[in-house]
Amino acid sequence: MKTSHISILTAIIALICSACSADEPRPADNTAAPTLTIKTRAPQAGASEKELINTWWIALVDASGTVKHIFDRPADKADATDYEEFKMTIPRGTYTVYAFANIARGTHGLDFTIGATAPDLSKSTWSEVGAIGDAIPMTGVLRNVAFKGVASDNITIEVVRLWGKLSFEFTTDASRPVTVKKITMTPALTKAVSLMPDYTTLGKAPNLPEGTVCTALEHASALSIAKGDAAATESFYVLESTAKSHATGRYPLAFDLEYADGTTRTVSALAYQLGHINRNDHVIIPVLLTDWLIDLDVQFYPPIGGYPAVMLESKGEEYFASFGSSGRFVIRPTVTTASGSIVADKDIDIAISTSDPSGILRTAPYRDEKTLEIIGEIDTDHLGTAVVDLEISIKADALQHRILRKFYIIRKNS
């Protein structure tokens, strides 16, 4: 009996609660009065006012595609913000809610007029990219939102910045002050992106408009930095892109540098951790500008009776090793920064290609995966020169720097 009493009491409570839910107060005039919260996606630390919501407006479109309501940010709201709440009164019904921040109505194909058919934005694109200091345009959409005139009608709509932001943080330990003249990033230039966000791809490779080809992005700079200076940052906005068209699936970078004496050079690197840039992303890339020092120690192991010495000299980025007999040789590379820090072997990779028209090599140079040494062997029957191209990749923070060196193997009579 006790159990039965509990069951009956539980059923009575359930019926009472059900009745409460069904009788949730509604306005008598068939309207709904929801609170709408408009907010930015993933507020960015240190965002400027222009990277927040400065102006906004929303449009409600019914199932027939007709614009039923348009609401603008109240005139007494002027501060830049990450989010804002707004109370609206509308007829009950199901709507698609479009939200726009820092974009004027009537521009960029946003021709929303009450009573008219809403523009089809499914294939609309955006091509403009502003400079630092410009207000970032943001868009958002919620589909099939049912307003029933109850408290649960309240909604939050997220507006997503149409631009991504790249920040290069430069430091240097080189002896000479240096000016960054240009940053090139391939394939990071997109001519247009979809106007409305695809929330399902944010944080993943973006869904670019059909036929999009990402090409080289070039950004002019005048950033100067010297040894001992704090990190200097060069930032700019970009449209979302993907590096999948590059063989590595990552973004190659090039920095055109100029020194105080007028000499110039281009430094190459690979953003080996970066395969795509999404709208709303803030990507920070540390860059160490250093005079990488490549030391190639050559050891020679000729057969009994062979001439044991190897003559080694270097001229800039080229190395010359002269051998007087056949035999096995081992090259041990060491990489240091301008300040003398030795780069760990695990952060060095070397790609080797060899040209040997004279046939002086019995074994072309290769890198031993265990010892990380470069090993080869001189043949006995030929004299001449072989050219070994070394592409040395050095990982430093988020970049993989690319250094090219030529190593000449010369076989001559002892």
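I need the full set of residues from region 331-359 which are closer than 25 Å to Glu377 by Cα, outside any loop (DSSP other than H, G, I, E, B) and not hydrophobic (A, V, I, L, M, F, W, C), in order please.
Arg332, Pro333, Thr334, Asp345, Asp349, Ser353, Thr354, Ser355
Read through the list (1) in a strand (DSSP E or B); (2) open to solvent by less than 50 Å² (accessible area, probe 1.4 Å); (3) more than 23 Å from Arg405 (Cβ to Cβ), then give the number of the only condition that Thr233 fails.
(2)
Can you spot a residue in region 207-227 that is closer than 19 Å to Arg265 by Cα and in a loop (DSSP other than H, G, I, E, B)?
There is at least one residue in region 207-227 that is closer than 19 Å to Arg265 by Cα and in a loop (DSSP other than H, G, I, E, B).
Considering only residues that are under 30 Å from the mean Cα position of the chain (by Cα) and not small (Gly, Ala, Ser), which ones fall in region 365-404?
Within region 365-404, the subset under 30 Å from the mean Cα position of the chain (by Cα) is 390-404.
Those that are under 30 Å from the mean Cα position of the chain (by Cα) and not small (Gly, Ala, Ser): Leu390, Glu391, Ile392, Ile394, Lys395, Asp397, Leu399, Gln400, His401, Arg402, Ile403, Leu404.
(1) open to solvent by 50 Å² or more (accessible area, probe 1.4 Å); (2) farther than 30 Å from Ala271 by Cα; (3) modelled with pLDDT of 90 or more: which one isn't true of Tyr366, the others all being true?
(2)
Whether any residue in region 240-260 is open to solvent by less than 30 Å² (accessible area, probe 1.4 Å) and acidic (Asp, Glu) is what I want to check.
For region 240-260, residues open to solvent by less than 30 Å² (accessible area, probe 1.4 Å) and acidic (Asp, Glu): present.
Can you confirm whether region 118-126 contains a residue that is small (Gly, Ala, Ser), within 28 Å of Gly211 (Cα to Cα), modelled with pLDDT under 95 and not in a strand (DSSP E or B)? Walk me through it before giving the result.
Filtering region 118-126 for residues small (Gly, Ala, Ser) gives 118, 122, 124.
Keeping just the survivors that are within 28 Å of Gly211 (Cα to Cα) gives 118, 122, 124.
So of that shortlist, the ones also modelled with pLDDT under 95 come out as 122.
From what's left, not in a strand (DSSP E or B): 122.
Yes - at least one qualifying residue is present in region 118-126.
With the requirement that a residue be among the hydrophobic types (A, V, I, L, M, F, W, C), over 25 Å from Asn207 (Cβ atoms) and open to solvent by 30 Å² or more (accessible area, probe 1.4 Å), what does region 81-134 give you?
Within region 81-134, Phe86, Ala104, Ile114, Ala116, Ala131, Ile132 meet the criteria.
Check Ile410, Ile403 and return the single one that is assigned to a strand (DSSP E or B) and either in contact with a helix residue (DSSP H, G or I) (Cβ under 6 Å, 6 or more places away or on another chain) or open to solvent by less than 30 Å² (accessible area, probe 1.4 Å) (or both).
Every option except Ile403 fails the conditions.
Every residue, every condition in (1) touching a helix residue (DSSP H, G or I) at 6+ places or on another chain (Cβ under 6 Å); (2) modelled with pLDDT of 95 or more; (3) open to solvent by 60 Å² or more (accessible area, probe 1.4 Å), yes or no:
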residue: Asp153; (1), (2), (3): no, no, no
residue: Glu158; (1), (2), (3): no, yes, no
residue: Arg161; (1), (2), (3): no, yes, no
residue: Asp173; (1), (2), (3): no, no, no
residue: Met185; (1), (2), (3): no, yes, no
residue: Leu195; (1), (2), (3): no, yes, no
residue: Pro209; (1), (2), (3): no, no, no
residue: Val213; (1), (2), (3): no, no, yes
residue: Ser224; (1), (2), (3): no, yes, yes
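Return the residues of region 321-346 that are over 14 Å from Ile294 (Cα atoms) and in contact with a strand residue (DSSP E or B) (Cβ under 7 Å, 6 or more places away or on another chain); say none if nothing qualifies.
Result: Ala321, Ser322, Phe323, Ser326, Gly327, Arg328, Phe329, Val330.
The values are calculated or read from the model by the stated rules, or taken from the named source; none is laboratory data. Everything numeric in this text was worked out from a predicted model, so none of it was measured. Cβ sites come from the backbone with ideal geometry, for glycine too, and all protein chains shown count toward neighbours. Accessible surface is based on the protein model in full, side chains and every heavy atom, while ligands, DNA and RNA are left aside. Shrake-Rupley method; radii C 1.70, N 1.55, O 1.52, S 1.80 Å.
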